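Trainee: Have a look at this one.
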Amino acid sequence: MCGIVGYIGHREAYPIILKGLKRLEYRGYDSAGIALYDGADIKLSKTKGKVLDLEARLEKEISTKGTLGIGHTRWATHGVPNDVNSHPHYSNSGDLVIIHNGIIENYESLKKELIKRGYTFKSDTDTEVLINLIEDVKKNENTKLGKAVQIALNQVIGAYAIAVFDKNKPNEIVVARLGSPLAIGIGEDEFFIASDASPFIEYTKNAIYLEDEEMAIIRRDKGVKIRKIKDDSLVAPYIQELQLNLEQIEKGGYEHFMLKEIYEQPSAILDTFRGRLLINEAIIKMAGVEDNMKRFLNADRIIIVACGTSWHAGLVAEYIFEDLARIPVEVEYASEFRYRNPIITENDVVIAISQSGETADTLAAIKLAKSKGAFVFGVCNVVGSSIARETHAGAYTHAGPEIGVASTKAFTTQITVLTLIALRLARAKGTISSSDYRHNLIELELIPDKVKKALESDEYVKTIAAIYKDVHNFLYLGRGYNFPVALEGALKLKEISYIHAEGYPAAEMKHGPIALIDENMPIVVIATKKGHYEKVVSNIQEIKSRKGKIIGIVTEGDIQVKELADHVIEVPETIESLSPLLTTIPLQLLSYHIALMLGKNVDQPRNLAKAVTVE
Ligand code: F6R
């Protein structure tokens, strides 16, 4: 996820783009850049860091004159955040310049072809490949920029929102989208481009939101012409009048970043397996795993180190790795692991999981494991973060920035990456049959749509939240794959509503927590059809006979739990190992609504920081 802004019109472009980038910083903040056309040439300045760093540098480096320009705030996907990888990117001739939000999956093969044709590359980005592909098409086919963009995009696999201009045609900007948002603001003889409407809301309320597979040629003198990228057909522009204010736009119309991030999970999970899960070939492609396959296959065991929600994702992974790949797994709190003189050998593989990639305890655990000769693999969200750099290899979750302090989409995308790794290893080790392997891939591909379906419970979950918002304690129970989900559900409730909550393996209830149960205790029980269902139903009966209030998370069409529970929230059916990706959704929503009803600061709960960089 990155933020893109552009302007073409009669005003100075720089202040509009700079302010726009500041507003889009919630979409990405590891580097920023602006390219302006000053009437003769393109002037470009970019830097690692925040938009403020760019502002300080740009004003010293280049003239800020010009009525045409594009700007970018980056959330790295290919290539670490540094000055060179920052956008905008020039084509080899220096005539074209581009900004891009998204991932070009087949960039490596395109790059090889372009290198054969004499192109050179300064950065590690997929975006520089795209702009040179456009340049190559433009030259070879002798076409205008718009046509060249269209032909190039038809060769691209992946997701994008792009804006491109040519210094020889400074009256137009070409934009296109597939899978990443792009809005065009329509003013009086001026046009604005942005990832959302926040950069141009004070200039115009009229906007066109491009649909997937559409491109637009925006001409200073002739306005906006929209075409389908695939078949070149013209699309009549649909101009909307914006009703939202600035803050609502940044949060995508959601009241809080947390809710936005909960709702982003279908697309975040899709982005996580995009280009990695190749369903037609039944292949999982992850460079970090392939390049180190021997280390994984020869591992005596896998040790997972993490904190908080990431630790819960690690617990889910323990079930997945042991079940599918038959590799022994230990899951450790990084803070305990680093201080207890653990036995680590060169035959161990350590997987460190961290959304921020900056958690001090996880970082220290990695350093310790490395010092003992273990191979350390990172699963991080923030590209170029300390943990991503400290590990020997890794896989990013590609969830996009998570702003709400309570982790939501990081959790489900971590589980997605870990599932991909486990399946890949299982295939390599031969611990999974080819039909089961295929079945797993198919089920994983269906998950984004099933998460969407699970989100439909939102209104109903809100009614449950209203009933229980004033209680002082909650219990969460789950078995097998859903035991870590119970822990995660309890953590979500604690951290944003400040209600005391405990997660337990359902069968552990008899060994102590059952003493807490009376008619005032709500108990969330995850009781999906696959995996120990009958046993969980017995646990529910035990709760019922002690008058506890039961909120069941069940598989669609469930009958047994429905008869026993006070409330049931349905999630779609899937295979057992993927059920945490669905059962966690209503628990995120429940904690969100309770916290909101209690008037708590959902996005910034008291005492908590998004990245815990101290031990
Ligand atoms: C919970 C939460 C924390 C983090 C933990 C680890 O919602 O956000 O428990 O999961 O601090 O952070 P990362 O994943 O950045 O290492």
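Trainee: Among the residues of segment 243-261, are any in a strand (DSSP E or B) and either not hydrophobic (A, V, I, L, M, F, W, C) or not assigned by TED's automatic domain parsing to the domain that holds Val461 (or both)?
Mentor: Looking only at segment 243-261, we keep the residues that are in a strand (DSSP E or B), and these are none.
Scanning segment 243-261 turns up no residue that is in a strand (DSSP E or B) and either not hydrophobic (A, V, I, L, M, F, W, C) or not assigned by TED's automatic domain parsing to the domain that holds Val461 (or both).
Trainee: OK, next. Quick check on Ala406: is it among the small types (Gly, Ala, Ser), within 13 Å of the ligand (Cβ to nearest atom) and open to solvent by less than 10 Å² (accessible area, probe 1.4 Å)?
Mentor: Values: among the small types (Gly, Ala, Ser): yes; within 13 Å of the ligand (Cβ to nearest atom): yes; open to solvent by less than 10 Å² (accessible area, probe 1.4 Å): yes.
Criteria met by Ala406.
Trainee: Of the residues Lys510, Lys544, Lys535, only one is out of contact with any Gly (no Cβ under 9 Å at 6 or more places or on another chain) and at pLDDT below 90; which?
Mentor: Values: Lys544 fails: at pLDDT below 90; Lys535 fails: at pLDDT below 90.
Answer to the check: Lys510.
Trainee: Hey, another quick one. Could you name every one of the helices (runs of 4 or more DSSP H) located completely within segment 533-600 that has at least 3 residues being under 16 Å from Gly478 (Cα atoms) and in the same structural domain as Tyr481 (by TED's automatic domain parsing)?
Mentor: Fully inside segment 533-600 and qualifying: 533-544, 580-597.
Trainee: Just checking: which of the strands (runs of 3 or more DSSP E) contained wholly in segment 118-233 hold 1 or more residues that are over 28 Å from Gln248 (Cβ atoms) and among the aliphatic types (A, V, I, L, M)? Before you say what the answer is, go through the steps one by one.
Mentor: On the way: elements: 158-166, 172-178, 183-186, 191-194, 206-209, 214-219, 223-228.
Counting at least 1 such residues, we get 158-166, 172-178, 214-219.
Trainee: All but one of (1) at pLDDT below 95; (2) more than 16 Å from the ligand (Cβ to nearest atom) hold for Glu615; state the number of the condition that does not hold.
Mentor: If we test Glu615 against (1) at pLDDT below 95; (2) more than 16 Å from the ligand (Cβ to nearest atom), just (2) comes out false.
Trainee: Taking Val289 and the conditions (1) in contact with a His (Cβ under 9 Å, 6 or more places away or on another chain); (2) under 22 Å from Asn381 (Cα atoms), which numbered condition does it fall short on, given that it satisfies the others?
Mentor: (1)
Trainee: Let me ask another. Considering segment 132-158 alone, what residues qualify as being free of Cβ contacts under 8 Å to residues at least 60 places away in the same chain and on the phi > 0 side of the Ramachandran plot?
Mentor: Asn142 - this is the single residue of segment 132-158 that is free of Cβ contacts under 8 Å to residues at least 60 places away in the same chain and on the phi > 0 side of the Ramachandran plot.
Trainee: Looking only at segment 65-95, filter to residues that are among the β-branched types (Val, Ile, Thr) and modelled with pLDDT of 95 or more; which one of those is most open to solvent (accessible area, probe 1.4 Å)? Can you show your working first?
Mentor: Of all residues in segment 65-95, those among the β-branched types (Val, Ile, Thr) come to 67, 70, 73, 77, 80, 84.
Cutting the leftovers down to modelled with pLDDT of 95 or more gives us 67, 70.
Values: Thr67: 42, Ile70: 0 Å².
Residue satisfying both the conditions and the ranking: Thr67.
Trainee: Mind checking whether some residue in segment 380-395 is more than 13 Å from the ligand (Cβ to nearest atom) and more than 21 Å from the chain's Cα centre (by Cα)?
Mentor: Checked against the condition, which is being more than 13 Å from the ligand (Cβ to nearest atom) and more than 21 Å from the chain's Cα centre (by Cα), segment 380-395 yields at least one hit.
Trainee: To continue, here is another question. Report yes if some residue within segment 171-182 is more than 20 Å from Ser93 (Cβ to Cβ) and either among the β-branched types (Val, Ile, Thr) or over 25 Å from the mean Cα position of the chain (by Cα) (or both); otherwise report no. Show your work before the answer.
Mentor: Residues of segment 171-182 that are more than 20 Å from Ser93 (Cβ to Cβ), as a first pass: 175-182.
Restricting the remaining residues to those that are either among the β-branched types (Val, Ile, Thr) or over 25 Å from the mean Cα position of the chain (by Cα) (or both) gives 175.
For segment 171-182, residues more than 20 Å from Ser93 (Cβ to Cβ) and either among the β-branched types (Val, Ile, Thr) or over 25 Å from the mean Cα position of the chain (by Cα) (or both): present.
Trainee: With the checklist (1) open to solvent by less than 20 Å² (accessible area, probe 1.4 Å); (2) modelled with pLDDT of 95 or more in hand, flag the one item Asn154 doesn't pass.
Mentor: (1)
Trainee: I'm told Lys453 meets every condition in (1) open to solvent by less than 70 Å² (accessible area, probe 1.4 Å); (2) under 30 Å from Leu596 (Cα atoms); (3) basic (Lys, Arg) except one. Can you identify the failing condition by its number?
Mentor: (1)
Let's see how each residue does on (1) touching a residue at least 40 places away in the same chain (Cβ under 8 Å); (2) surrounded by fewer than 17 Cβ atoms within 10 Å (Cβ to Cβ); (3) over 26 Å from the mean Cα position of the chain (by Cα):
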{"residue": "Gly489", "(1), (2), (3)": "yes, no, no"}
{"residue": "Ala501", "(1), (2), (3)": "no, no, yes"}
{"residue": "Ala515", "(1), (2), (3)": "no, yes, yes"}
{"residue": "Pro522", "(1), (2), (3)": "yes, no, yes"}
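Trainee: Also, quick follow-up: Does Asp300 qualify as being out of contact with any helix residue (DSSP H, G or I) (no Cβ under 7 Å at 6 or more places or on another chain), over 30 Å from Lys450 (Cα atoms) and among the acidic types (Asp, Glu)? Please lay out each step first, then the result.
Mentor: On the way: out of contact with any helix residue (DSSP H, G or I) (no Cβ under 7 Å at 6 or more places or on another chain): yes; over 30 Å from Lys450 (Cα atoms): yes; among the acidic types (Asp, Glu): yes.
So Asp300 fits the description; yes.
Trainee: Moving to a separate point now. Can you name every residue in segment 323-336 that is part of a helix (DSSP H, G or I), away from the ligand (no atom under 16 Å from the Cβ) and open to solvent by 70 Å² or more (accessible area, probe 1.4 Å)?
Mentor: Of all residues in segment 323-336, those part of a helix (DSSP H, G or I) come to 323-325, 334-336.
Remaining after also requiring away from the ligand (no atom under 16 Å from the Cβ): 323-325.
Passing the criteria: only Asp323.
Trainee: Can you tell me which condition Ser195 does not meet? The list is (1) open to solvent by less than 20 Å² (accessible area, probe 1.4 Å); (2) touching a strand residue (DSSP E or B) at 6+ places or on another chain (Cβ under 7 Å); (3) closer than 23 Å to Ala40 by Cα, and all the others hold.
Mentor: (3)
Trainee: Filter segment 337-373 down to the residues that are part of a helix (DSSP H, G or I) and away from the ligand (no atom under 14 Å from the Cβ), then identify the one that is least open to solvent (accessible area, probe 1.4 Å).
Mentor: Checked segment 337-373; the qualifying residue least open to solvent (accessible area, probe 1.4 Å) is Ala369.
Trainee: Moving on to the next point. Inspect all residues belonging to segment 239-256 and state whether any of them is within 16 Å of the ligand (Cβ to nearest atom), in contact (Cβ under 8 Å) with a residue 40 or more places away in the chain and surrounded by fewer than 21 Cβ atoms within 10 Å (Cβ to Cβ). Walk me through it before giving the result.
Mentor: If we filter segment 239-256 for residues that are within 16 Å of the ligand (Cβ to nearest atom), which is where we start, we get 256.
When the remaining residues are screened for being in contact (Cβ under 8 Å) with a residue 40 or more places away in the chain, the result is 256.
Filter once more, keeping what is surrounded by fewer than 21 Cβ atoms within 10 Å (Cβ to Cβ): 256.
Yes, segment 239-256 contains at least one residue that is within 16 Å of the ligand (Cβ to nearest atom), in contact (Cβ under 8 Å) with a residue 40 or more places away in the chain and surrounded by fewer than 21 Cβ atoms within 10 Å (Cβ to Cβ).
Trainee: If I filter segment 398-420 for residues that are at pLDDT 95 or above, under 21 Å from the mean Cα position of the chain (by Cα) and over 21 Å from Leu578 (Cβ atoms), do I get at least one hit?
Mentor: Initial filter on segment 398-420 (at pLDDT 95 or above): 406-420.
Retained after the next criterion (residues that are under 21 Å from the mean Cα position of the chain (by Cα)): 406-420.
With the extra rule that they be over 21 Å from Leu578 (Cβ atoms), the set shrinks to 406.
Yes, that holds for at least one residue.
Trainee: Right, next: Quick one: which helices (runs of 4 or more DSSP H) lie wholly within segment 412-503 and hold at least 1 residues that are within 16 Å of the ligand (Cβ to nearest atom)?
Mentor: Values: elements: 434-455, 458-468, 483-497.
Result: 483-497.
The values are calculated or read from the model by the stated rules, or taken from the named source; none is laboratory data. These figures come from a predicted structure and were not determined experimentally. Quick reminder, even Gly has a Cβ in these numbers, built from the backbone with ideal geometry, and neighbours come from all protein chains shown. Just so you know, the surface numbers come from the protein's heavy atoms only, side chains and all, with ligands and any DNA or RNA stripped out. Shrake-Rupley method; radii C 1.70, N 1.55, O 1.52, S 1.80 Å.
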